[in-house]
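Asker: Quick one: this structure, given as structure tokens, is what I'll be asking you about.
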């Protein structure tokens with residue numbers, strides 16, 4: 001079945017159409033999708049930089065895109081507009097009320113969160129297409145899967161071939177660096193988003209290329225030795241195989257699993273086994289969590305201001321790790337510390353709103369995985385990871401996604 005039946009050639013079609021009850025500029029959506037993909041990719045490749053300039057570039061680019069689509073009246077709020085408004089505006093409200101201990105940090109944190117909200121809005125706009133077109137999503141998902149596969153393999157190779165350096169070029173402040181990722185956890189979180197997309201494509205498209213890509217990405221995630229990341233990647237594998245329809249062939253399942261184990265063994269997956277033998281999975285984190293809870297108890301409603309965790313933490317510190325503690329190692333606790341209970345609740349409502357569409361799509365379960373990983377790490381503090389979460393959230397919000405995918409699979 002072809003989705004082009006009854007349609008004019010692409011170059012003869014009108015560039016504007018109504019879906020649903022709104023005017024959609026298809027060519028603007030095409031350009032916006034490419035720009036959004038390029039911005040998120042650049043943010044991921046520059047995730048290692050401690051200079052705020054790359055993050056400012058991403059924020060400025062997303063705000064310009066949001067303004068462009070707002071002028072064309074293509075933006076549409078969804079996923080509980082009130083929740084989006086709270087998440088995006090809470091930090092600015094703290095600044096207006098003087099409820100922050102560090103104004104500059106709160107301003108930076110507010111801009112970051114607002115840029116993420118703008119990312120979801122732009123993503124929802126650019127992927128909102130008529131059911132008959134279905135062009136952008138089939139382009140985006142394979143593109144994201146290919147980008148994730150290439151970057152994951154390159155990161156593992158760089159880990160062994162250029163220790164202490166970022167992609168063979170730049171000196172790293174940490175010895176354990178995976179390509180552009182300074183943390184094994186951030187590397188695993190990125191894979192948690194890209195891997196289920198590749199595996200879903202392998203199951204739905206029945207192409208061996210995607211099967212090998214899935215096996216390679218899973219192996220890279222295991223080789224990274226992130227314990228939470230490894231557990232979540234395995235859960236994602238089982239979830240995709242159980243949720244996808246029609247069920248994948250046994251040959252495909254065995255091929256992905258066997259390939260992943262073989263690749264992981266070659267890439268040094270034994271490190272992961274050694275880390276699981278550690279009797280204390282929450283080493284150092286336990287004390288930071290306790291300090292974070294004490295901070296929450298001190299100011300449970302207003303918080304200390306977005307971005308102010310590192311400033312306030314020394315007052316509540318219970319041990320000296322020999323390094324500056326910049327984050328709570330749990331985004332959920334950090335949201336409650338910096339924004340108070342209402343702000344953390346808004347994030348919880350957002351995660352709950354994404355639950356059903358993520359499970360129905362199958363490929364979107366990586367968004368849920370990152371929210372779970374945020375219980376013991378801070379993926380949302382890294383634009384290079386969080387940007388993809390909110391892009392996928394915007395795609396999941398699109399009411400035309402299911403129809404477009406169904407038509408493409410029926411070809």
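None of the figures in this text is laboratory data; all of them are computed from the coordinates on show. Every value quoted in this text rests on a predicted model; they were computed, and no experiment measured them. Cβ: placed from backbone, ideal geometry, glycine included. Neighbour counts: every protein chain shown.
Asker: Hey, fewest Cβ within 10 Å first, where do 170, 195, 289, 127 land in order?
Answerer: On the way: 170 12, 195 32, 289 17, 127 23.
Going from sparsest to densest Cβ surroundings: 170, 289, 127, 195.
Asker: Suppose only helical runs count, i.e. DSSP H with n ≥ 4. What mean residue ellipticity at 222 nm does that imply for the chain under -39500 (n - 2.57) per run, divided by all residues and rounded to the nearest 500 deg cm²/dmol?
Answerer: On the way: 16 runs with 271 residues, N = 411.
Helix-only estimate at 222 nm: -22000 deg cm²/dmol.
Asker: Could you state the number of Å between the C-alpha centres of the stretch 92-130 and the stretch 200-226?
Answerer: 33 Å
Asker: Okay, moving on. Among rounded, prolate and oblate, which fits the stretch 111-229 when a ≥ b ≥ c are the square roots of the eigenvalues of its C-alpha gyration tensor, a/c under 1.5 means rounded, and a/b larger than b/c means prolate?
Answerer: Verdict is oblate for the stretch 111-229.
Asker: How much length would be gained if the chain were fully extended between residue 249 and residue 274, taking 0.36 nm per residue of separation minus their Cα-Cα distance, in nm to one decimal?
Answerer: Taking 0.36 nm per residue and subtracting the Cα distance, the gain is 5.7 nm.
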